[in-house]
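Have a look at the structure below, then the notes.
The values are calculated or read from the model by the stated rules, or taken from the named source; none is laboratory data. These numbers come from a predicted model, not from an experiment. Don't worry about glycine lacking a Cβ; one is built from the backbone with ideal geometry, like all the others, and counts go over all protein chains shown.
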Amino acid sequence: MKIAVIGAGPVGMTLGAGWAAKGHEVRYGARNPASDKVAKALAATPGSTALPIAEAVRWADAALLATPWEGARPAVSGVDFAGKPLLDATNPLTPGFEIAVGHTSSGGEQVQAWAPSASVVKILNSTGAENMANPVYPQGRAAMVYAGGDARAKAVASQLAADLGFEPLDLGGLEGARYLEPAAMVWIRLAIVQRLGRHVAFGLMRR
């Protein structure tokens, strides 16, 4: 699959490199494809190249949004996604690490409003880059819960999460992002504030 990764920070770079290692084609979409940050992502992702965001999306079968929250709107506004899946890995956090959107809406729903031509799926927002690089633990695969309104887009997102090693779990419509974004804060507080470390993950137990 051809994947446009919008955002070349730790999350975008880790996911781009992970998908490339599984045989997917990756192009980084950036406002400045020649930046040092993009160069670092390209070095970590063999076979990848960088393009302006609109060009990367036009080339791709699916896109990932992995910018900081303040960069999400300018990254996707005015881009023609032509109905393609847009995997939204962002969280609507303030500089003080508080949830900026919630209760009656979500960051995922905001992204859908900013990119109406995309089929947005909230996914890959609820854990850290270390788990994105390796989500497999002795107890099993880390869970990756996702939400979206388009069945085809969700199937793509689920498969891409599974390709990384996660256990994908469907939460339903995109309004489920209202629950997934606060769940990211649970991981952040446990891993960082409570100092459990970044190599912790959530899983689903069954009997």
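Tabulated data
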item	result
Which numbered condition VAL5 fails, given (1) without any contact (Cβ under 8 Å) to a residue 60 or more places away in the chain; (2) surrounded by 15 or more Cβ atoms within 10 Å (Cβ to Cβ); (3) not in a helix (DSSP H, G or I)	(1)
Hey, VAL200 aliphatic (A, V, I, L, M), within 23 Å of GLY18 (Cβ to Cβ) and assigned to a loop (DSSP other than H, G, I, E, B) or not	yes
Residue count, the range 18-49 (criterion: in contact (Cβ under 8 Å) with a residue 40 or more places away in the chain and either on the phi > 0 side of the Ramachandran plot or hydrophobic (A, V, I, L, M, F, W, C) (or both))	1
Within the range 38-109, strands (runs of 3 or more DSSP E) holding 2 or more residues that are of a type in the set (Gly, Ala, Ser)	62-65
Every residue from the range 198-207 that is farther than 18 Å from VAL11 by Cβ and either surrounded by 15 or more Cβ atoms within 10 Å (Cβ to Cβ) or not aliphatic (A, V, I, L, M) (or both)	GLY203, ARG206, ARG207
The range 161-190, residues that are out of contact with any strand residue (DSSP E or B) (no Cβ under 7 Å at 6 or more places or on another chain) and either over 23 Å from SER105 (Cα atoms) or among the hydroxyl-bearing types (Ser, Thr, Tyr) (or both)	ASP163, LEU164, TYR179, LEU190
Scan of the range 150-197 for residues that are in a helix (DSSP H, G or I), more than 23 Å from PRO10 (Cα to Cα) and not hydrophobic (A, V, I, L, M, F, W, C), ordered by number	ARG152, LYS154, GLU175, GLY176, ARG178, TYR179
Counted residues, the range 50-78 - those being free of Cβ contacts under 8 Å to residues at least 40 places away in the same chain and polar (S, T, N, Q)	1
Hits in the range 78-102 - residues which are surrounded by 12 or more Cβ atoms within 10 Å (Cβ to Cβ) and among the polar types (S, T, N, Q)	THR90, ASN91
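This table checks each residue for (1) surrounded by 16 or more Cβ atoms within 10 Å (Cβ to Cβ); (2) in contact with a helix residue (DSSP H, G or I) (Cβ under 9 Å, 6 or more places away or on another chain); (3) modelled with pLDDT of 95 or more.
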{"position": "MET144", "(1), (2), (3)": "yes, yes, yes"}
{"position": "PRO168", "(1), (2), (3)": "yes, yes, yes"}
{"position": "ALA184", "(1), (2), (3)": "yes, no, no"}
{"position": "ILE188", "(1), (2), (3)": "yes, no, no"}
{"position": "ILE192", "(1), (2), (3)": "no, no, no"}
